[in-house]
Amino acid sequence: MNECKDSPFSLYGETLASRFVLGTALYPSPQSMKDSIAASGTAMVTLSLRRQNPQQQDGDTFWQYIRESGCRLLPNTAGCKTPKEAINLAEMSRELFETEWLKLEVIGDDYNLQPCPFGLVEAAAELVKRGFKVLPYTTDDLVLAQKLLDVGCEVLMPWGAPIGTGQGLLNRYNLRTLRERLPDVPLIVDAGLGAPSQAAEAMEMGFDGILLNTAVAKASDPVLMARAFAGAIDSGRMAFLAGLIQKSQTASPSTPTLGQPFWHQS
Amino acid sequence: MNGAPSQHIAVVGAGLLGRLTAWRLARLGLAVDLFEAGSLRDTPKAAAFTAAAMISPLSEVVDSERLIYDMGLASLDLWPLFLQQLSEGLSQPLQPASYREDGSLVVAHQQDSALLQQFAERLQFHLGNATEHSQWLQQNQLRELEPDLAGFHRGLLLPREAHIDNHALLTQLLTALQQLNVNCFERTPINNVNAHYIDTGTQKREYDWVIDCRGFGAKSDIKDLRGVRGEVLWVETGEIELQRPVRFMHPKYKLYVVPKPNRQFIIGATEIESEDLSPISLRSTLELSSALYALNPAFAEARVLRSDVNLRPSLIDNRPRIVTKPGLLRANGLHRHGYLLAPVVVENLVALITQQHPFSFADTLIEAQA
């Protein structure tokens, strides 16, 4: 996007070179993950300590592959159901990956992995106090978003749809409301996207970035899909900056009939 | 057999790869010593004992790549041959290890049918439109094949897939090795595996070839080797009968149930990027057992016999690899595909030692080291 004047993608005072944030789970192999990260052009990747036993350095080889990408690391608290679990995991992640940045997940429902609004706010408040830079994975609820800002979150990550469903933007009204009411807060649509067109749509609506994992990692060709999303996110951003025309009920020809060149007149 | 019969070979690691390699070479008349860090019969360490032992090129291609499928097909041809030769070779014939080519089934509950559809589409992506690789079954056809899966509205049959009674196989391989005068050393960890020699810690032993089949045990010698933790449960019930492995699609789990002798079933497996060998977690226990229960509620009364945890030896691309230099072959990286790929890897090792024509897939598998 070297020809359009875009404001920097800045989170917690730090500028990221790409508006695409990519997850590191579910790839067919570490090689495929590394290639997908490179193809996506991302500057920040999420990763999870969940299910591991970090005291024993048990995942070192795998984490090393992620570190080698050179991207900023955004540890997450995937799968945590209570603030206490999430806070413990956050502390472990901070120590292991040497970063205060955290994608906070507190899950309220096991089947669709919907965030628990109450646990999320409670955990976010505590983690901000402890010096974390919290990027909460939240629903598209405006009041919840405001509460998260109140407790000190500077970035919000509303869902498009439940994690891994590939449903796209399920509630455009709510998402638009978030964007309009919180114009100065960096908003990243996180989760639920399946197709690049959905990511482009979110960017056209003015969201600041996209976070996803499954849609790339579980594609038949993850590397190609990473490129596809990168292109869509760029296109969506450019479209937002360029200004979309309004939809209209009546046709308006782009070439006025009055000015038809003479050779079209029979 | 046209190689030099005087060759003396050390095989280090008595998992599936080590046992098969030692057996193939000993059959050709080579003098083979086999070394195992753990026990050969009681609580062996090898991932081969933890595995469910499916030979499932179709199910595996869905989450990997075409190469795994092609190698798997070659293995499907080799396994029956190996098993036949194995039972023929024994002076006291054993009941051959059960090897069944009854296919496998993929099912999902109705609310997760998109996952089943995606599985079918992924097969098509990798294998093209050929219809012989899979077959949709409606509820009545499914019930005919597997009456205990009557709760499912449809399923996908993968007719070519097979599964093997791996514990019987691994025991038989050991018996065959002993009858072929292979020296089997157990509880003998070899930390120094080199070209032309190994060091047992107390003794340096020289060989024409050393073959490193230690799996995850070779971590210090193979830079990009990592362990991928897998957890399984063994249960026993007389209430449910399955003829073939069943894969169960679920938004969070990718699980399988494989029938084993004596009314036993193995359910697995988690796949965690971790080299932690501590016991199974409560979370994994819940996930595995609830998947069983969802498959058929009659599993609720099954008895949990044991859980097992092991590390899949995996390289960065999750593909197998044979690194060669004069006097040393290191085979590793079979990842979650031990039984699926071992015959192909072993035939490549044998071809390298006996200097026969390279076996299939040599170009992809073998990497010469300076």
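The values are calculated or read from the model by the stated rules, or taken from the named source; none is laboratory data. Here the structure is a predicted model, which is why all the values come from computation and not from measurement. Note that we place each Cβ from the backbone using ideal geometry, even for glycine, and neighbour counts take in every protein chain shown. These area figures cover heavy atoms from the full protein model, side chains too; ligands, DNA and RNA do not enter into them. Shrake-Rupley method; radii C 1.70, N 1.55, O 1.52, S 1.80 Å.
On a 0 to 90° scale, report how tilted helix B:338-354 is relative to the longest principal axis of chain B, with both axes built from alpha carbons and the result rounded to the nearest 10.
Helix B:338-354 sits roughly 20 degrees off the main axis of chain B.
For A:Lys247, list the lysines whose Cα falls under 26 Å from its own Cα; do not include residues on the same chain fewer than 8 positions away.
The reachable lysines, counting only those whose Cα sits under 26 Å from A:Lys247, are A:Lys5.
Under the Kirkwood approximation for Rh and a Cα-based Rg, what ratio Rg/Rh is obtained for segment A:125-242?
0.99
Summing Lys, Arg as +1 and Asp, Glu as -1, what charge do residues with Cβ under 12 Å from the Cβ of A:Met225 carry, A:Met225 excluded?
Working: positive: A:Lys218, A:Arg227; negative: A:Asp35, A:Asp221.
Around A:Met225, the charge tally is 0.
For chain B, what is the Kirkwood estimate of the hydrodynamic radius, computed as the reciprocal of the mean inverse distance between distinct Cα atoms, to one decimal in Å? Walk me through the intermediate numbers first.
Working: mean 1/r = 0.0471 Å⁻¹.
This gives a value of 21.2 Å.
Determine which residues of segment A:126-157 fall in the zone a paramagnetic label at A:Leu170 would reach in this model, i.e. backbone nitrogen under 11 Å from the point 7 Å along Cα→Cβ.
A:139-140
Pulled fully out, how much extra length does the chain show between B:Leu90 and B:Gln356, if you take 0.36 nm times their separation in residues and subtract their Cα-Cα distance?
On the way: separation 266, 0.36 × 266 = 95.76 nm, distance 2.59 nm.
Taking 0.36 nm per residue and subtracting the Cα distance, the gain is 93.2 nm.
Round to the nearest 0.05 the FRET efficiency obtained for A:Glu14 and B:Arg154 when R0 = 60 Å and r is the Cβ-Cβ distance. Don't jump to the answer; show the numbers that get you there.
Working: r = 50 Å, r/R0 = 0.84.
Efficiency at R0 = 60 Å is approximately 0.75.
Arranged from highest to lowest average of other beta-carbon atoms within 10 Å per residue, in what order do the peptides A:126-138, B:136-148 appear? Spell out each step's value before the answer.
Details: A:126-138: 20.5, B:136-148: 14.8.
In descending order of packing, they fall as A:126-138, B:136-148.
If you count, for every residue in B:311-324, the Cβ atoms of partner chains within 10 Å of its Cβ, what is the mean? Each step should come with its number before you reach the end.
Details: counts 1, 0, 0, 4, 3, 9, 7, 6, 2, 0, 0, 0, 0, 0.
The shielding value for this peptide is 2.
Looking at the protein assembly as shown, send over the antiparallel percent of its DSSP beta bridges, to the nearest 5.
Numbers: 52 of 96 bridges.
Looking only at bridges with both residues in the protein assembly as shown, the antiparallel portion is about 55 percent.
Run through every distinct alpha carbon pair of the protein assembly as shown and return the Kirkwood hydrodynamic radius in angstroms, one decimal place. Numbers along the way, then the final one.
Details: mean 1/r = 0.0371 Å⁻¹.
Answer for the protein assembly as shown: a Kirkwood hydrodynamic radius of 26.9 Å.
Looking at segment A:17-242, what % of its DSSP beta bridges pair antiparallel, to the nearest 5? Let's see the in-between values first.
On the way: 1 of 23 bridges.
Counting DSSP beta bridges with both partners in segment A:17-242, the antiparallel share is about 5 percent.
Mind checking the dipole of segment B:88-213: about its Cα centre, +1 per Lys or Arg Cβ, -1 per Asp or Glu Cβ, Debye to the nearest 20?
Working: 8 positive and 16 negative charges, 31 e Å.
Roughly 140 debye, rounded to the nearest 20.
Given labels modelled 7 Å from the Cα in the Cβ direction, how far is it in nm from B:Ser98 to B:Gln124?
In this crude label model, B:Ser98 to B:Gln124 measures out at 3.6 nm.
Modelling each spin label as a point 7 Å along the Cα-to-Cβ direction, I'd like the B:Arg283/B:Val304 distance in nm, to one decimal.
In this crude label model, B:Arg283 to B:Val304 measures out at 1.7 nm.
For B:Ala294 and B:Asn191, calculate 0.36 nm times their separation in residues minus their Cα-Cα distance, and state this gained length in nm to one decimal. Let's see the in-between values first.
Working: separation 103, 0.36 × 103 = 37.08 nm, distance 4.48 nm.
Value of the extension gain: 32.6 nm.
Give me a comma-separated list of calculated 3J(HN,Hα) values for segment B:119-124, in order, Karplus coefficients 6.51, -1.76, 1.60 applied at θ = phi - 60°, integers in Hz, x for any Gly or Pro.
Once θ is set to phi - 60°, the couplings for segment B:119-124 become 4, 5, 5, 5, 4, 5 Hz.
How long are the semi-axes of the ellipsoid equivalent to segment A:17-242, from square roots of 5 times the Cα gyration tensor eigenvalues, in whole Å, largest first?
Values: eigenvalues 115, 106, 43 Å².
They are 24, 23, 15 Å, listed from largest to smallest.
Under a Cβ-Cβ cut-off of 12 Å, what is the net charge of the residues other than B:Asp63 that fall near it, where Lys and Arg count +1 and Asp and Glu count -1?
Taking every Cβ under 12 Å from that of B:Asp63, the sum is +2.
Name the chymotrypsin sites (Phe, Trp or Tyr not before Pro) in segment A:21-115 that are in a loop by DSSP and that have at most 11 other C-beta atoms within 10 Å, would you? Intermediate results must be reported in sequence, preceding the final value.
Working: sites: A:Phe62, A:Trp63, A:Tyr65, A:Phe97, A:Trp101, A:Tyr111; in loops: A:Tyr111.
Qualifying residues, ordered by number: A:Tyr111.
So how do B:354-367, B:332-345 stack up, highest first, on mean other-Cβ count within 10 Å?
Details: B:354-367: 14.9, B:332-345: 26.0.
My ranking of the peptides, most packed first, is B:332-345, B:354-367.
How would you rank B:260-268, B:164-172, B:55-63, highest first, on the average number of other Cβ atoms within 10 Å across their residues? If you can, show how the numbers build up before the last one.
Values: B:260-268: 18.3, B:164-172: 20.0, B:55-63: 23.4.
So the order, starting with the most tightly packed, is B:55-63, B:164-172, B:260-268.
Less than 13 Å Cβ to Cβ from B:Ser360, Lys/Arg counted +1 and Asp/Glu -1: what total charge do the surrounding residues give? Before the final figure, lay out the partial values.
Details: positive: none; negative: B:Asp70, B:Asp77, B:Glu347, B:Asp363.
Residues close to B:Ser360 contribute a combined charge of -4.
Within 10 Å of each Cβ of A:214-220, how many other protein chain Cβ atoms are there on average?
Neighbouring Cβ atoms belonging to other protein chains average 2 per residue here.
Which value at 222 nm does chain A reach when only helices count, each DSSP H run of 4 or more adding -39,500 (n - 2.57), with the total divided by all residues and rounded to the nearest 500 deg cm²/dmol?
Working: 9 runs with 101 residues, N = 266.
Helix contribution divided over all residues of chain A: -11500 deg cm²/dmol.
Estimate for me the total accessible surface buried between chains A and B (protein heavy atoms, probe 1.4 Å, no ligands or nucleic acids), in Å² to the nearest 100.
That pair hides around 2100 Å² of surface in total.
Give the average, rounded to an integer, of partner chain Cβ atoms located within 10 angstrom of each Cβ in B:217-228. Can you show the working numbers first?
On the way: counts 0, 0, 1, 0, 0, 0, 1, 5, 1, 8, 4, 4.
So the per-residue partner count for this stretch is 2.
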